[in-house]
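In what follows, a structure is listed as structure tokens, so that the remarks can point back to it.
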Amino acid sequence: MDTYAWMVRFAELVSADAERLTRLDSAIGDGDHGSNLDRGMRAAAEALSADLPPGKVLMTAGRTLVSKTGGASGPLYGTALRRAGKALGDASEVGAVELGAALRAALEGVQELGKAEEGDKTMVDALAPAVTAYEAAAGEGLAAAARAALDAAEKGAEATVPLQARKGRASYLGPRSVGHQDPGAASTVLLFRALAETAAS
Ligand code: ADP
Ligand code: MG
Ligand code: MG
């Protein structure tokens, strides 16, 4: 698994979809999710280099996100990537099983920090089913597992539409948060789209 290519592709997808992410955040937040994550991932992509070990790539991306991304999503994505990188350690090669453990560690980090459960209408609603689907398909190899994770993330993000937010800024809206997709769940889909594309190539 080329984690450098994954992060660079994630940065590209966020950049291409920044306006849509910001529009989603305008409906139930403060309208900055796309610009927050775009700024953070641009800085992360610049801080990375292809010759870093795979775990170090994710740790560096995570550290950069924490320092450069405003809002709640910076520390959450930053923690996710740092934990994933830490789980990979110094390994020079990352296979399907190792990546599964890294994704699980990322989810645990997000939940420790943000205290969100599935159904609270946050990025966890895309991340948690994606990690579970990845693990279930890991025996079929990296590309198949990443594809399964992407499908699950998409379904999870779609499923946030009818939910009322219980965490983050959108929760201040109470019932008025119903009927809109959570922006962080939408950007988590891009993380897994980037992974699936990278794993397939
Ligand atoms: P802010 O809300 O500070 O402006 P962003 O707009 O960048 O930050 O990110 C908002 C996203 O962060 C939400 O859509 C949600 O997915 C995610 N989020 C917010 N709080 C939490 C939390 N406690 N746990 C998990 N994800 C959260
Ligand atoms: Mg916001
Ligand atoms: Mg904000």
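Quick notes
- Helix 124-137 and the longest principal axis of the C-alpha atoms of the chain enclose an angle of approximately 30°.
- Taking θ as phi - 60° and the Karplus parameters 6.51, -1.76 and 1.60, the scalar couplings of region 164-169 work out to 9, 5, 10, 9, x, 4 Hz in sequence order, x denoting glycine and proline.
- Relative contact order of region 10-55, pairs being alpha-carbon contacts under 8 Å that are 6 or more residues apart, as %: 36 percent
- Non-local Lys pairs in region 3-200, i.e. 8 or more apart or on different chains, that have alpha carbons under 15 Å apart: 4
- Based on Cα contacts under 8 Å between residues 6+ apart, region 153-199 shows a relative contact order of 41 percent.
- For the chain, convex hull of alpha carbons as volume per residue, Å³: 89 Å³
- Of the residues 177, 198, 61, the one whose Cα sits farthest toward the positive end of the charge dipole of region 3-200, with +1 on the Cβ of Lys and Arg and -1 on the Cβ of Asp and Glu, is 177.
- Paramagnetic reach from residue 51 (point 7 Å along Cα→Cβ, amide N under 17 Å) across region 64-100: 92
- Computed extension length for residue 20-residue 171: 52.3 nm, one decimal, from 0.36 nm per residue of separation with the Cα-Cα distance subtracted.
- Karplus-derived HN-Hα couplings along region 37-52 (A = 6.51, B = -1.76, C = 1.60, θ = phi - 60°), whole Hz, x at Gly and Pro: 6, 5, 4, x, 6, 4, 5, 5, 4, 5, 6, 8, 9, 5, 8, 6
- In a simple Cβ point-charge model (Lys, Arg +1; Asp, Glu -1; nothing else charged), the chain has a dipole of about 540 debye relative to its Cα centre.
- Gain on full extension, evaluated as 0.36 nm per residue between residue 200 and residue 178 minus their Cα-Cα distance, stands at 4.4 nm.
Every read-out reported here was derived from the displayed coordinates using simple, explicitly stated rules and does not represent laboratory data. None of these values were measured; they are calculated from a predicted model. So basically every Cβ, Gly included, is an ideal-geometry build from the backbone, and we count neighbours across all protein chains shown.
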